[in-house]
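**Q** Okay, handing you the structure first.
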Amino acid sequence: ERVACELREVGSGLMLRASHDGYATRYGLVHVRVLLLAPNGESLDGEDTLEGAKGDLRLTHDLPVAVHFHLPPHAGARYGAAQGTAELTLRNGERWRLLAAGAALTIETGTYFAEVLGPLQAQQVVLRTVCYGAATVRWRLERA
């Protein structure tokens with residue numbers, strides 16, 4: 001029922017803060033995502049938070065949470081040298097690194113739906129954690 005969005009300049013970069021209450025009825029949670037784009041476009045910092053819609057909340061059981069980064073079919077992903085990192089390679093050879101904190105990083109098979117040809121098999125990077133009433137996953141996408 002409630003979606004909010006705010007875009008503003010921070011230093012010389014841009015910050016987007018967006019939230020929705022799509023999980024409020026079922027779980028009592030609000031999802032907040034904050035994105036911070038560096039001025040040169042070479043890094044994007046993200047933070048995904050689930051928090052109680054009406055203040056502090058303790059769920060009766062831990063709720064699985066996953067943040068998905070779907071890649072196009074022509075992009076590849078492999079685990080990075082450091083734990084919690086993935087190395088991404090684009091069709092043009094450009095390389096990017098995804099770093100995660102507050103969640104386990106896995107590389108999984110996914111489906112890409114944005115092609116005229118129909119669904120195509122692709123990879124996705126997934127950040128998994130649990131929410132007991134609040135959870136925060138921080139990540140960074142940067143040019144390698």
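The values are calculated or read from the model by the stated rules, or taken from the named source; none is laboratory data. Because the structure is predicted, anything quoted here is derived from the model rather than measured. Cβ coordinates were reconstructed from backbone atoms using ideal geometry, including for glycine residues, and neighbour counts include every protein chain displayed. Heavy atoms of the whole protein, side chains included, go into the accessibility calculation; ligands, DNA and RNA do not. Shrake-Rupley method; radii C 1.70, N 1.55, O 1.52, S 1.80 Å.
**Q** Looking at the range 39-53, which of its residues are among the hydrophobic types (A, V, I, L, M, F, W, C) and within 18 Å of residue 101 (Cβ to Cβ)?
**A** Across the range 39-53, the qualifying residues are 44, 50.
**Q** For the range 14-30, which positions are of a type outside the set (S, T, N, Q) and in a strand (DSSP E or B)?
**A** Hits for the range 14-30 are 14, 15, 16, 17, 18, 20, 21, 22, 23, 29, 30.
**Q** Would you mind listing the strands (runs of 3 or more DSSP E) fully within the range 31-144 where at least 2 residues are open to solvent by less than 40 Å² (accessible area, probe 1.4 Å), more than 23 Å from residue 4 (Cβ to Cβ) and modelled with pLDDT of 95 or more?
**A** The qualifying strands (runs of 3 or more DSSP E) are 76-79, 85-89, 95-101, 104-112, 120-131.
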